[in-house]
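See structure below.
The values are calculated or read from the model by the stated rules, or taken from the named source; none is laboratory data. The structure displayed is predicted, hence computed values, not measured ones. Counting neighbours? That spans all protein chains shown, and the Cβs are built from the backbone with ideal geometry, glycine included. Accessible surface areas use protein heavy atoms only, side chains included; no ligands, DNA or RNA. Shrake-Rupley method; radii C 1.70, N 1.55, O 1.52, S 1.80 Å.
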Amino acid sequence: MTTLFISDLHLDAERPAGITQFLDFMESEASQATALYILGDLFETWIGDDDTNPGHAPIVAALATLKLQSVPCFFMHGNRDFLIGRRFATATGCILLAEYEVLVIEGEKVLLTHGDLLCTDDKPYMALRAEVRDPRWQREFLAKPIQKRRAIADDLREKSQAATAAKTEEIMDVNQGAVEAAMRQHDVSILLHGHTHRPDVHRFSLDGAAATRIVLGAWHEQGSVVRWDENGFVLESLQR
Ligand code: MN
């Protein structure tokens, strides 16, 4: 029995290959799994559960089908789809997770997070994050008409792309001190996250004990998945 972890699919109707790959993955592999964990940025943008973007319908339907197949699906917000709410959860059957969650899997304690919270060197991003995660900002944003929200989201995305282009690779990666602090706080030796789009398994020493940080990749050119069963975990890419 295998538990699956994915993140950073950035699904967008303008990139149908990614959606097709996700739908195939849901039908073939996820339907056979013990559980599916989506660790954020399933969607490229999410401006509210009331958005009737037709590109989202097959994705919501695939998640609802998984629920009918009795495979539990857990969803954690990313920096792109942090506005996913209860209505989405009801429509899909996904269980919404907090920004940090500890999961015991095959006897191992694993800390799950999207990953953006660990990128503490990126000060402008952390400031923006604090602003848009504020419940009051979200209430005001969600009260605006869809068209207006879309315009704001497009503008934020353009600004983020421009800012990203001007930042060094190092600034946009996780901060090792933040990684270790989060692991200590949650008393784990394994951390699993996405966000940085740098799939890898990092092994290091944390307070004298062996520690592991697993990073899921994005789904831009290929898929990325962590499969976890009684033999442990593997991080693999999914060819298109
Ligand atoms: Mn992200």
TODO: Work out which GluC sites (Glu not before Pro) in the chain are exposed loop sites (DSSP not H, G, I, E or B, at most 10 other Cβ within 10 Å) and give the longest gap free of them.
DONE: 15-168
Open item on the list: Students often forget the sequence filter, so: which lysines lie under 16 Å Cα-Cα from Lys159 once same-chain residues fewer than 8 apart are removed?
Closed with: Lys123, Lys167
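Hey, any idea what % of region 180-221's accessible area is carbon plus sulfur with a 1.4 Å probe?
Working: 860 of 1960 Å².
Result for region 180-221: 44 percent of the exposed heavy-atom area is carbon or sulfur.
Suppose every K and R has +1 on its Cβ and every D and E has -1 on its Cβ; what is the size of the dipole of region 3-238 about the Cα centre, in Debye to the nearest 20?
Details: 23 positive and 36 negative charges, 153 e Å.
Result for region 3-238 is approximately 740 debye, rounded to the nearest 20.
Hey, got the dipole for region 1-143? About the Cα centre, +1 on K and R Cβ, -1 on D and E Cβ, debye to the nearest 20?
Working: 11 positive and 22 negative charges, 85 e Å.
I would put it at about 400 debye.
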TODO: Go through Lys123, Lys167 and list them by solvent-accessible area, largest first, probe radius 1.4 Å.
DONE: Lys123, Lys167
Task: By accessible area with a 1.4 Å probe, ligands and nucleic acids excluded, highest first: order of Asp51, Asp41, Asp155 - done: Asp155, Asp51, Asp41
- [ ] Evaluate the relative contact order of region 3-238 (contact order divided by residue number), counting alpha-carbon pairs under 8 angstrom at least 6 apart; express in whole percent.
- [x] 22
Task: Accessible area per residue in Å² at 1.4 Å probe, computed on the chain - done: 49
Task: Which of Leu39, Thr20, Ser160, positive extreme of dipole for region 3-238 (C-beta unit charges) - done: Ser160
Open item on the list: Tell me which of Thr3, Gly177, Gly78 sits at the most positive position along the dipole axis of region 3-238, charges placed on C-beta atoms (Lys, Arg +1; Asp, Glu -1).
Closed with: Gly78
TODO: Please label the shape of region 3-238 as rounded, prolate or oblate, based on the square roots a ≥ b ≥ c of the eigenvalues of the alpha-carbon gyration tensor (a/c under 1.5 means rounded; beyond that, a/b larger than b/c means prolate, else oblate).
DONE: oblate
